[in-house]
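Peer 1: Here's a structure for you.
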Ligand code: AHR
């Protein structure tokens with residue numbers, strides 16, 4: 001939680017961090033990823049058997065190495081929109097027997113050479129050297145898929161008894177169950193672009209029935225309800241009907257604007273959506289008389305990012321080229337998750353490789369886009385507890401994207417300095433500050449910092465700067481600050497300050 005005072009008259013800016021005020025735990029799942037059968041995410045992204053950079057299983061080693069750097073805790077799979085016509089059994093067993101299918105979300109052809117077993121194996125490799133494995137999060141087909149098929153998938157992944165699908169997994173070379181905990185009850189089934197789009201009434205009825213059956217088969221599953229953007233009547237309705245059946249409520253928001261300030265402040269709309277969803281969850285509990293001792297449904301923000309589908313269309317692989325402005329927007333997005341950590345059970349940047357991603361592959365290696373750097377710094381340092389912070393700063397109160405955000409922010413507007421703060425389990429305080437302004441450096445009194453401080457700065461010469469195979473115009477620099485006097489946050493930068501509490 002960060003509170004804000006807008007500067008009046010000749011007041012000067014300050015940021016105050018109080019690490020003794022621990023507000024809520026940041027769920028490690030906040031830094032999750034998402035891999036969909038879309039564009040070059042799977043084929044040519046994580047799986048590229050013909051490429052010399054891949055291992056014997058066809059997994060790109062450079063991609064694995066990069067993803068280990070950002071320490072992803074969980075990966076959602078196999079979609080996204082793709083899942084609405086996906087039959088998981090097409091993607092198991094001998095590769096030469098797997099059917100090729102027309103794919104109806106992105107209008108490609110699915111070869112099924114990468115499926116459930118390959119995904120699990122890829123996660124095993126990704127987990128090597130980590131204290132905890134990278135968790136799988138599978139999304140069920142609630143488009144053309146049936147409940148029988150969904151149950152069979154859970155049995156295939158998690159079954160331990162002498163039953164058909166558990167035996168099929170063993171037959172395919174995997175004696176141990178995969179213990180997949182996280183399962184989504186469909187993806188964006190409210191969207192007119194979905195095969196078998198549903199009404200909220202139909203979905204709520206079906207989701208509750210599926211949840212009941214899935215839990216009978218495996219009581220340990222964590223079930224995720226398909227929400228919209230957190231502020232729709234869909235969210236209100238399905239939460240009201242299903243709050244007792246599920247563990248998390250999924251919401252999706254993508255932000256973008258051609259204008260820098262609108263682009264960088266747009267994630268504040270997602271912050272409002274989180275607050276609205278949290279209230280809808282409370283409301284659903286009240287309306288259904290849910291026992292106060294039952295753990296609250298958390299928000300699973302399982303698709304978030306900067307994306308303009310006109311600039312980077314989905315059916316062309318959505319290879320969005322990210323600018324410094326987008327990197328600042330991603331830093332604001334991540335500040336939002338830290339500030340709202342009380343409500344967030346999981347968040348997944350969409351997506352992890354090549355498709356609207358901070359990480360791009362070429363035949364010769366990987367390119368880290370501008371948005372890579374805030375993701376890396378947050379995932380590395382912004383863990384543990386969200387702690388109290390206060391910012392006094394000048395603010396932007398002009399037009400926003402979406403337009404309603406301007407009204408929601410009110411006359412105070414959005415501070416030019418967007419802030420969140422954490423206290424890690426290692427006893428370090430971490431302060432993330434995005435100076436959104438394209439023109440102004442801010443000289444700020446930092447209250448609560450007295451020790452020597454490590455400084456990480458993400459910057460570039462202009463907000464339109466990008467990274468390509470040939471050049472890295474948006475990069476990370478590291479330095480030290482003695483923690484005395486005022487600190488200058490340069491225009492259009494993201495800064496992370498870190499000191500021992
Ligand atoms: O992440 C790209 C697409 O965006 C996903 O497939 C879909 O769920 C969303 O609309």
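Peer 1: Tilt of helix 267-288 relative to the longest C-alpha principal axis of the chain, in degrees (0 to 90, nearest 10)?
Peer 2: Tilt relative to the chain: about 60 degrees.
Peer 1: Determine, for each peptide in 483-496, 162-175, 333-346, the mean count of other beta carbons within 10 angstrom over its residues, then list the peptides with the highest first.
Peer 2: So the order, starting with the most tightly packed, is 333-346, 483-496, 162-175.
Peer 1: Hey, what angle do you get for helix 116-127 against the long axis of the chain, alpha-carbon based, 0 to 90 degrees rounded to 10?
Peer 2: Computed tilt is about 40 degrees.
Peer 1: Of all beta bridges DSSP finds with both residues in the range 23-386, what is the antiparallel percent, to the nearest 5?
Peer 2: About 25 percent, rounded to the nearest 5.
Peer 1: Calculated from DSSP H runs of 4 or more alone, at -39500 (n - 2.57) each and per residue, what is the 222 nm mean residue ellipticity of the chain, nearest 500?
Peer 2: Result for the chain: -8000 deg cm²/dmol, rounded to the nearest 500.
Peer 1: Convex hull over the Cα atoms of the range 231-358, averaged projected area in nm²?
Peer 2: Average projection, Cα convex hull of the range 231-358: 8.2 nm².
Peer 1: Taking the 0 to 90 degree range and rounding to the nearest ten, how far is the long axis of helix 200-217 tilted relative to the main principal axis of the chain, both from C-alpha atoms?
Peer 2: Around 70 degrees separate the two axes.
Peer 1: Once you put a point 7 Å from the Cα of residue 148 and another 7 Å from the Cα of residue 477, both along the Cβ direction, what distance in nm separates them?
Peer 2: Distance between label points: 6.4 nm.
Peer 1: Over all Cα pairs of the range 373-464, how is the pair count split among 5 Å bins, expressed in % and running from 0 up to the last occupied bin?
Peer 2: In order of increasing distance, the bins hold 2, 11, 18, 21, 20, 16, 8, 3, 0 percent.
Peer 1: Just want to confirm a number: the relative contact order over the range 454-501, from Cα pairs under 8 angstrom separated by 6+ residues, in percent.
Peer 2: In percent, rounded to a whole number, it is 52.
Peer 1: What number results when the radius of gyration of the chain, computed over Cα atoms, is divided by 2.2 N^0.38 Å?
Peer 2: Cα-based Rg divided by the globular estimate yields 0.97.
Peer 1: Next question. Hey, how many Å between the Cα centroid of the range 300-372 and the Cα centroid of the range 210-257?
Peer 2: The two parts, judged by their Cα centres, are 22 Å apart.
Peer 1: Between the range 71-141 and the range 146-175, what is the separation of their alpha carbon centroids in Å?
Peer 2: The two parts, judged by their Cα centres, are 16 Å apart.
Just so you know, all these numbers are worked out from the coordinates, no wet-lab data involved. Since we're looking at a predicted model, the values are computed, not measured. Every residue, glycine as well, gets a Cβ built from its backbone with ideal geometry; the counts of neighbours run over all protein chains shown.
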